[in-house]
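K.L.:
To start, I am sharing the structure in question, which I have written as structure tokens.
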Amino acid sequence: MKRFKVNAMAIVAVVVAAGTVAFKAPVAQEWVFTGSDINQVKTASFYSLSAVPEGCEDSASLPCSILSEATSQSQLQSYLNSRTTEQIMDEAVGQRD
């Protein structure tokens, strides 16, 4: 009986550990907009995972960066496709000219 309890406890520990790893919250990535035109805002190739440039404000015509759980440009493109340009601008972390 004692051996059964030890085995049962070990199984429970493994299940709890696996559940914790499997349900880890996604981490948001900061994608920096590198384009120069508002028409490029919805195209993932105009974003990079680089340092945010200086000169970002709250009211300008282009986004500085956006936060997304995307880890690749193809995932980012799916994210951008699900939003309008206005939503992207509203969600942007700072804006620039």
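What follows is calculated from the coordinates using simple rules that are stated; it is not laboratory data. A quick note: this is a predicted structure, and the numbers were derived from the prediction, not measured. Neighbour counts run over all protein chains shown; Cβ positions are idealised from the backbone, glycine included.
K.L.:
Which ³J(HN,Hα) values in Hz, rounded to whole numbers, follow from the phi angles of segment 89-94 under the Karplus curve 6.51 cos²θ - 1.76 cosθ + 1.60, where θ = phi - 60° and Gly and Pro get x?
P.N.:
5, 5, 8, 4, 8, x
K.L.:
Further question on the same structure: Based on alpha-carbon atoms only, what is the radius of gyration of segment 26-96 relative to the globular estimate 2.2 N^0.38 Å?
P.N.:
Taking N as the residue count of segment 26-96, the ratio is 0.97.
K.L.:
Another question, then. Under 11 Å from the Cβ of ALA60, count the other residues' Cβ atoms, weight Lys and Arg +1, Asp and Glu -1, and hand me the total.
P.N.:
Net charge in that neighbourhood comes out at -2.
K.L.:
Can you find, among ALA28, THR84, THR43, the residue farthest towards the positive end of the dipole of segment 26-96? Put +1 on the C-beta of Lys and Arg, -1 on that of Asp and Glu.
P.N.:
THR43
K.L.:
Let me ask something else. Determine the gain in length on full extension of the stretch GLN87-ALA28; use 0.36 nm per residue of separation and subtract their C-alpha separation, reporting nm with one decimal.
P.N.:
Result: 19.5 nm gained on full extension.
K.L.:
Also, quick follow-up: For THR34, enumerate residues with amide H under 5 Å from its amide H, sequence gap 5+ or separate chain, H modeled in the peptide plane.
P.N.:
The list, which skips near neighbours in sequence, is TYR47, SER48.
K.L.:
With charges set only on the Cβ (+1 for Lys and Arg, -1 for Asp and Glu), what does the dipole of segment 26-96 come to about its Cα centre, in debye to the nearest 20?
P.N.:
240 debye
K.L.:
For GLN29, enumerate residues with amide H under 5 Å from its amide H, sequence gap 5+ or separate chain, H modeled in the peptide plane.
P.N.:
SER68, GLU69, ALA70
K.L.:
Please compute the net charge surrounding ASP97, taking Lys and Arg as +1 and Asp and Glu as -1 over other residues with Cβ under 13 Å from its Cβ.
P.N.:
Counting the neighbours of ASP97, the net charge comes to -3.
K.L.:
Excluding GLN29 itself, calculate the net charge of residues whose Cβ lies under 14 Å from the Cβ of GLN29, where each Lys or Arg counts +1 and each Asp or Glu counts -1.
P.N.:
Every neighbour counted, the sum reads -3.
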